[in-house]
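Notes follow the structure.
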Amino acid sequence: MLKLVIFGTMFSTIDLMELIIIYPKLFLILVPTLIIVIFWYVFCKSTAGSRIFLVDFACYKPQNNQQICRQNFLNRSSRELKFNSDTLKFMDRILQRSGLGDKTYVSKGLLSDPMDMSTKAAKEEVEMAVFGAIDELLLKTGVRCEEIGILVSVCGVFNIMPSLSSVIVKRYKLREDIRSYNMTGMGCSAGLIALGLVQNLLKVHDNSYALLVTTESTTDNVYKGNDRSKLLSNCVFRVGAVALLLSNKPSDQNTCKYELVHTVRSQTTNTDRSYNCIFMEEDEQGHRGISINKDLLYAAMKTIRSNISTVAPLVLPLSEQFRYLMNIIVRRFRTGSKMEPYNPEFSRAIDHFFPHVGGKPVLDDLQKKLGFSDEQMEASRMTLYRFGNTSNSSIWYEVAYVEAKGRVKKGDTLWQIAFGSGFKCSSVIWRATRSIDRDEMNPWRDEIDEFPVDVSKIGALSDLFVASKSRYWTIRTVVQGFCLQSSGDPR
């Protein structure tokens, strides 16, 4: 009996002659499909516009006096925000099981007595983080301010006038003809969305440097009521910021850290269920907060599935794509086949995986469904533990972690994926242009040898919200849903 072998691996014990006689349509589909796959693979590899490089990046590390432990956080919330006892118990459960440690950072305004949640305090928090990241980046790269031709700033919730981009231009005396953009209200995926914008700008403006800065305001994002669906941001979001310097200059090819390979953006904002699943609104008492409702499951599954489906053919080797294709064909044409759906092993193509650190259950399920090892997931778990959820900048604290560990080698492939309100999901693929040594200017530099810590005993959040389910509970089935639906499973 002749066996079907794919790229040197036994795929199935199906007799090929039997397939030709009984299922001739299978080969009528298979041959042209393989030709299309190979053509698309070669086309993607050979097609290239302007090469875009990440010269370097800098993550902001707040001062030690801004650290707060979970118990102190609860005590201050009880004293300053007047939460009722049920709300405090609920917040305690979130803090215990979210994966955050006892050394995360909050703003100085939230640590003052009494708490200062004014616009002035929020602006001071954002400026301190943004200026700290940019100052360090300019010091690391040696690039002069007048050399920067493009500026993009990102801040999810907090919005001021003049804009944050104008604040940066004024502070650093950037050029009068600088192309500046300010993004707000786009959630935790905004940082990667902004990278797509920078990519497009660099394609049409040759020989340019672009500065991308992302941050969030915890001061302006405090919810003061007792609605459970709005308490999540209080518990998991922390202070953070990152500044990136990108370039399309050929002279930076040999000195930069990474080359941008792919940006993939997906969204389902045109549907009501996706648009309303994460929504800023006031509760019955007039307290503003960000609500998360039951439709998040539908929105997240649909959007992340679409994003991963687009990323897969761009990064997976042909052997993995072929196994996946044959699995679908065989299961569809063999009536009664008990063959399990094949989940592609992304770890065969990706060396470092950096998902948005929304919460421990999200990370657990992404690891399980995408096939990444504990070491590949270590950076995201330790970032959540040490710095908390810093919104759109969190994925760069993960990259800084593997750099501090000395794990990034020349030629390595890095995958960043983030998702958030809208509903939106974005992925960015990088390739390391050189091996990265330990950097003295790294937020992990003074404590990297203390990590990893054991977070395996942290329990899951089984009922984050009673009526509307949580973002962290519902996303647990997102990747599984992607695998089922993309493989034709009717469930």
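The rows are residues; the columns are (1) hydrophobic (A, V, I, L, M, F, W, C); (2) within 22 Å of the chain's Cα centre (by Cα); (3) in the same structural domain as S166 (by the TED database).
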site: V204; (1), (2), (3): yes, no, yes
site: K224; (1), (2), (3): no, no, yes
site: C235; (1), (2), (3): yes, yes, yes
site: G240; (1), (2), (3): no, yes, yes
site: P250; (1), (2), (3): no, no, yes
site: E259; (1), (2), (3): no, yes, yes
site: H262; (1), (2), (3): no, yes, yes
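Please tell me if A210 is assigned by the TED database to the domain that holds N248, in contact with a helix residue (DSSP H, G or I) (Cβ under 7 Å, 6 or more places away or on another chain), small (G, A, S) and open to solvent by less than 10 Å² (accessible area, probe 1.4 Å).
Working: assigned by the TED database to the domain that holds N248: yes; in contact with a helix residue (DSSP H, G or I) (Cβ under 7 Å, 6 or more places away or on another chain): yes; small (G, A, S): yes; open to solvent by less than 10 Å² (accessible area, probe 1.4 Å): yes.
Yes, satisfied.
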Of residues in region 350-381 being among the hydrophobic types (A, V, I, L, M, F, W, C) and under 14 Å from the mean Cα position of the chain (by Cα), the one surrounded by the most Cβ atoms within 10 Å (Cβ to Cβ): V357
Subset of region 132-178 that is small (G, A, S) and touching a residue at least 60 places away in the same chain (Cβ under 8 Å) - its residue that is nearest to L195 (Cα to Cα): S153
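Consider R407 carefully, then state whether it is in a helix (DSSP H, G or I), assigned by the TED database to the domain that holds S309 and more than 10 Å from the chain's Cα centre (by Cα). I'd like the intermediate steps shown before the answer.
Numbers: in a helix (DSSP H, G or I): no; assigned by the TED database to the domain that holds S309: yes; more than 10 Å from the chain's Cα centre (by Cα): yes.
Considered against the rule, which asks whether it is in a helix (DSSP H, G or I), assigned by the TED database to the domain that holds S309 and more than 10 Å from the chain's Cα centre (by Cα), R407 comes out as no.
Collect the residues in region 136-186 that are part of a helix (DSSP H, G or I), in contact with a helix residue (DSSP H, G or I) (Cβ under 9 Å, 6 or more places away or on another chain) and surrounded by 15 or more Cβ atoms within 10 Å (Cβ to Cβ), keeping them in residue-number order. Give the steps one after another, and end with the answer.
Taking region 136-186 and keeping what is part of a helix (DSSP H, G or I), we get 136-141, 145-147, 164-172.
Cutting the leftovers down to in contact with a helix residue (DSSP H, G or I) (Cβ under 9 Å, 6 or more places away or on another chain) gives us 138, 145, 164, 167-168, 171-172.
Residues satisfying the conditions are L138, C145, L164, V167, I168, Y172.
Can you tell me which of A122, A133 is at pLDDT 95 or above, open to solvent by less than 30 Å² (accessible area, probe 1.4 Å) and within 28 Å of D252 (Cβ to Cβ)?
On the way: A122 fails: within 28 Å of D252 (Cβ to Cβ).
Sole residue among the options that is at pLDDT 95 or above, open to solvent by less than 30 Å² (accessible area, probe 1.4 Å) and within 28 Å of D252 (Cβ to Cβ): A133.
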Single residue of D102, D92, D86, D113 found to be more than 23 Å from E398 (Cβ to Cβ), in the same structural domain as T255 (by the TED database) and part of a loop (DSSP other than H, G, I, E, B): D113
Hits in region 280-304 (condition: within 21 Å of L192 (Cα to Cα) and open to solvent by less than 50 Å² (accessible area, probe 1.4 Å)): L296, A299, A300, M301, T303, I304
Hits in region 236-268 - residues which are under 18 Å from P443 (Cβ atoms) and either open to solvent by 10 Å² or more (accessible area, probe 1.4 Å) or not in a strand (DSSP E or B) (or both): F237, R238, V239, G240, K257
Given (1) open to solvent by less than 10 Å² (accessible area, probe 1.4 Å); (2) in a helix (DSSP H, G or I), index of the condition L414 fails: (2)
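Please go through region 320-357 and pick out each residue that is β-branched (V, I, T), touching a strand residue (DSSP E or B) at 6+ places or on another chain (Cβ under 7 Å) and not in a helix (DSSP H, G or I). Spell out how you get there, then give the answer.
Initial filter on region 320-357 (β-branched (V, I, T)): 328-330, 335, 350, 357.
Filter once more, so that each one left must be touching a strand residue (DSSP E or B) at 6+ places or on another chain (Cβ under 7 Å): 330, 350, 357.
Across region 320-357, the qualifying residues are I350, V357.
The values are calculated or read from the model by the stated rules, or taken from the named source; none is laboratory data. A quick note: this is a predicted structure, and the numbers were derived from the prediction, not measured. Virtual Cβ from ideal backbone geometry, glycine too; neighbours counted across all protein chains shown. Surface areas here come from the heavy atoms of the whole protein model, side chains and all, with no ligands, DNA or RNA. Shrake-Rupley method; radii C 1.70, N 1.55, O 1.52, S 1.80 Å.
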